[in-house]
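Each remark here refers to the structure printed beneath this line.
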Amino acid sequence: DGGTAVAITVTAKVGAKLAKTEQVPAGDVEIVDSAGNAIAAPSASSEIIIQSTVTNADDVSHTFTFLVQVKNSNSEVIHLVWVRDLTLAAGSTTTPGVQWIPDSSGTYTAEVYIWESISTQVALSPVKTKDFTVS
């Protein structure tokens with residue numbers, strides 16, 4: 001009203017789309033017990049849970065598959081399991097996990113994959129890994 005010039009800056013998301021592997025990123029892989037407590041050195045014949053926090057960074061809901069494979073020190077897959085048809089609303093977070101009972105001591109690598117589905121195998125997150133030792 002007083003004749004003063006005012007600059008207005010507006011930022012808008014127009015047509016921007018997240019890359020596929022940025023839509024539902026997984027966090028660090030964690031090794032926990034059934035109560036959710038971190039396990040630094042799991043023991044053979046004891047149940048562990050391999051989990052990762054997953055966040056829907058997109059502005060739409062996503063249905064995904066949480067897949068975990070465990071490899072031994074020779075890079076052989078010795079355990080493969082998945083949970084499919086998990087749905088995560090935009091901006092939401094969940095922490096899926098899978099059970100494994102190592103039958104022997106050794107060094108292992110857990111790999112976590114977030115895919116659209118088992119049949120399409122389209123990655124929604126980069127692969128996350130964790131090396132750990134079973135005593």
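The values are calculated or read from the model by the stated rules, or taken from the named source; none is laboratory data. Just so it is clear, the structure is predicted and the values come from calculations on it, not from any experiment. With ideal geometry, Cβ positions are generated from the backbone for all residues, glycine too; neighbour counts draw on all protein chains shown. These area figures cover heavy atoms from the full protein model, side chains too; ligands, DNA and RNA do not enter into them. Shrake-Rupley method; radii C 1.70, N 1.55, O 1.52, S 1.80 Å.
With the structure loaded, tell me whether Asp58 is within 14 Å of Leu124 (Cα to Cα), surrounded by 12 or more Cβ atoms within 10 Å (Cβ to Cβ) and charged (D, E, K, R) or whether it fails that test.
yes
Against the definition (open to solvent by less than 30 Å² (accessible area, probe 1.4 Å), over 12 Å from Lys71 (Cα atoms), under 10 Å from the mean Cα position of the chain (by Cα) and not hydroxyl-bearing (Ser, Thr, Tyr)), how does Pro96 come out, yes or no? The answer is yes for Pro96. Can Ser104 be described as exposed (fewer than 11 other Cβ atoms within 10 Å of the Cβ), of a type in the set (S, T, N, Q) and at pLDDT 95 or above? The answer is yes for Ser104.
For segment 70-115, filtering for residues that are outside any strand (DSSP E or B), closer than 21 Å to Ser34 by Cα and not hydrophobic (A, V, I, L, M, F, W, C) leaves 6. Considering (1) more than 21 Å from Ser45 (Cα to Cα); (2) over 15 Å from the mean Cα position of the chain (by Cα); (3) in a strand (DSSP E or B); (4) of a type in the set (Ser, Thr, Tyr), the lone condition that Thr120 does not fulfil carries the number (3). The condition (being at pLDDT below 95 and closer than 12 Å to Gln23 by Cα) is satisfied by just one residue among Ala123, Ala57: Ala57. In the condition set (1) open to solvent by less than 50 Å² (accessible area, probe 1.4 Å); (2) more than 28 Å from Leu18 (Cβ to Cβ), Val112 is compliant with all but (2). Looking at this structure, is Ser43 farther than 18 Å from Val112 by Cα, within 14 Å of the chain's Cα centre (by Cα) and open to solvent by less than 60 Å² (accessible area, probe 1.4 Å)? Against the criterion (farther than 18 Å from Val112 by Cα, within 14 Å of the chain's Cα centre (by Cα) and open to solvent by less than 60 Å² (accessible area, probe 1.4 Å)), Ser43 does not qualify.
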